[in-house]
Each structure stands twice: as C-alpha cells, then as structure tokens.
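Data first, discussion second: the structure below is written as structure tokens.
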Amino acid sequence: MSQYGAVAEPARGLARSTTFGAERNPARLVAFSDAVFAISITLLVLEISPPEDTRHLAHGLATLWPSYLAYALTFLLIGQVWANHHVMFDHLRGTDWVVLLLNTLLLMTIAFLPFAASVLAAAFRDGHGQRTAVVFYGFALGLAASLFNAIWGYASRRCRLLSTTVDPAAARAIGRRFRLAPLWIAAGILLGALLPVLGVAVITALIPFYWLPIRGEIARAKRPRGGGRE
C-alpha cells in the first residue's frame with residue numbers, strides 16, 4: 001500500500017454522518033483549544049501585582065506567597081488538563097456538533113480559572129473569606145473536570161467517535177481515570193469548606209496523580225492465531 005493509500009481510510013471514516021451532523025477532522029478543534037490553554041495559562045502571571053512599597057521590597061515580595069501558590073497550582077492544573085485533552089483527542093477519529101459545543105464550554109471554564117486563582121490568592125493574602133475562596137476555586141475546577149468527562153463519555157459511548165488506537169478495554173481505562181477527577185475535586189471542596197488549607201492540599205494532590213500514564217490506555221495488538229507471523 002502506498003503512502004497515499006494509507007490516509008484514504010481515515011478520510012472515508014470522517015465522511016460518515018451522525019445524528020448531530022457529519023464528523024469533522026479534530027485538528028482545528030485541538031489547535032483552537034491549544035491557543036485557549038496557552039492564553040489562559042499566560043494570564044495567570046498578570047494576576048500577580050508587584051509590591052507598591054519598594055522601600056521594603058523583600059518583605060513585600062514575601063507577602064505575595066498566596067499569589068505565587070495560586071499561580072503555580074493553577075498553572076500545573078491547566079497544564080494537566082491540556083495534556084489529558086491531547087490524550088483524549090489522540091483517540092478520537094473526528095468530532096461532531098456535540099463535541100464542539102462541550103469543548104467550547106470546557107474552554108470557557110479554563111479561561112475563567114485565572115480569575116478563580118486571583119480570588120483564592122486574595123483570600124489567603126488578606127486572611128478573610130478563605131473557605132468561600134476554596135469552594136469557589138474548586139467549583140470552577142470541578143466544572144471543567146465534569147465537562148471534560150462529558151466530552152469523553154459522549155465520544156466513547158458505543159465507540160461513537162473512537163479511532164482504532166483504542167479498544168473498548170482501553171476506552172474504559174481512560175474513562176475510569178477521567179471520572180475520578182470530579183469526585184476528587186468534590187472532596188477538596190467539602191474539606192475546604194471546613195479547613196481551607198486541607199482543601200487546597202487535596203486539590204493539589206491531583207497534580208502528581210494525573211501526570212502518571214494511564215494504565216491500559218494503548219490497545220493491545222491482537223496476535224494472529226497459531227502464533228505465526230504475517
């Protein structure tokens with residue numbers, strides 16, 4: 001088979017129609033999403049205002065630690081969503097109107113996170129409203145996680161938009177990893193309503209966990225019967 005023949009099959013697959021319109025190549029959706037992730041993650045540093053009193057600059061910089069914490073936490077969380085967004089769309093052969101809508105809502109919540117981070121930083125810096133700030137921050141993050149799961153749940157249902165890179169077992173493994181995030185964040189919100197520092201710590205624990213590879217993500221190649229070679 002020539003190199004031109006190799007790309008013919010995906011093109012035919014994208015031509016099929018669904019209840020919500022013809023399937024479309026996800027390349028433009030991913031490129032647009034990458035731009036929103038990049039802008040959102042860059043806006044975080046603009047929420048950190050330099051100290052006004054330069055006569056005691058070292059002290060002023062030190063008192064900004066809540067802004068540094070909110071910046072680092074949200075930067076890594078948005079980066080994590082971006083990385084898993086690529087994992088998800090690497091396994092989709094196309095998109096339709098439902099995926100486009102859900103992804104737009106997801107990006108809307110991602111673009112909102114810099115504001116939520118600034119609220120969190122201000123509350124810990126001033127020492128007031130910390131419980132409300134953690135709940136507010138966690139709710140914004142949890143909404144993003146829920147929309148993320150909605151995209152994967154819709155696309156993977158009955159292998160509606162899945163490519164050949166995943167089999168049903170691999171799709172279930174990815175789904176189990178993704179579904180854990182809203183529950184994890186909900187636990188952080190509940191704890192944050194009681195003990196704000198503990199709530200932030202629970203949400204922070206998402207970062208190392210979700211940077212781990214997803215076990216069972218890659219579909220196993222099926223060996224021919226008899227163990228022979230093709």
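A few notes on this one:
- Residue in the stretch 72-88 that is within 23 Å of Y137 (Cα to Cα) and over 12 Å from the mean Cα position of the chain (by Cα) present: yes
- Cβ-Cβ contacts under 7 Å between residues 6 or more apart (or on different chains), taken from a first residue in the stretch 45-58 that is closer than 27 Å to A116 by Cα and in a helix (DSSP H, G or I) to a second residue that is open to solvent by less than 80 Å² (accessible area, probe 1.4 Å) and hydroxyl-bearing (S, T, Y), are listed as V45/Y71.
- The sole residue among A83, A144 that is modelled with pLDDT of 95 or more and closer than 19 Å to L206 by Cβ is A144.
Here is a yes/no grid of residues against (1) farther than 12 Å from L141 by Cβ; (2) open to solvent by 30 Å² or more (accessible area, probe 1.4 Å); (3) assigned to a helix (DSSP H, G or I):
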{"position": "R179", "(1), (2), (3)": "yes, yes, yes"}
{"position": "I185", "(1), (2), (3)": "no, no, yes"}
{"position": "L191", "(1), (2), (3)": "yes, yes, yes"}
{"position": "L198", "(1), (2), (3)": "yes, yes, yes"}
{"position": "A201", "(1), (2), (3)": "yes, yes, yes"}
{"position": "P208", "(1), (2), (3)": "yes, yes, yes"}
{"position": "P213", "(1), (2), (3)": "yes, yes, no"}
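- Residue in the stretch 90-106 that is nearest to F139 (Cα to Cα), counting only those that are modelled with pLDDT of 90 or more and open to solvent by less than 10 Å² (accessible area, probe 1.4 Å): L106
Here's the yes/no breakdown for (1) touching a strand residue (DSSP E or B) at 6+ places or on another chain (Cβ under 8 Å); (2) aliphatic (A, V, I, L, M):
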| position | (1), (2) |
| --- | --- |
| V135 | no, yes |
| G142 | no, no |
| I151 | no, yes |
| S156 | yes, no |
| L161 | yes, yes |
| A169 | no, yes |
| I174 | no, yes |
| F178 | no, no |
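- Filter pass, L120 being part of a helix (DSSP H, G or I) and surrounded by fewer than 20 Cβ atoms within 10 Å (Cβ to Cβ): no
- Residues that are surrounded by fewer than 18 Cβ atoms within 10 Å (Cβ to Cβ) and hydroxyl-bearing (S, T, Y), drawn from the stretch 40-89: T42, S49, T54, T63, Y68
- Within the set A144, A133, A150, the sole residue that is open to solvent by less than 10 Å² (accessible area, probe 1.4 Å) and either of a type in the set (F, W, Y) or closer than 17 Å to L102 by Cβ (or both) turns out to be A144.
The values are calculated or read from the model by the stated rules, or taken from the named source; none is laboratory data. It should be emphasised that the depicted structure is a prediction, and the values quoted were computed from it without experimental measurement. Virtual Cβ from ideal backbone geometry, glycine too; neighbours counted across all protein chains shown. Side chains included, ligands, DNA and RNA excluded: accessible areas come from the protein's heavy atoms. Shrake-Rupley method; radii C 1.70, N 1.55, O 1.52, S 1.80 Å.
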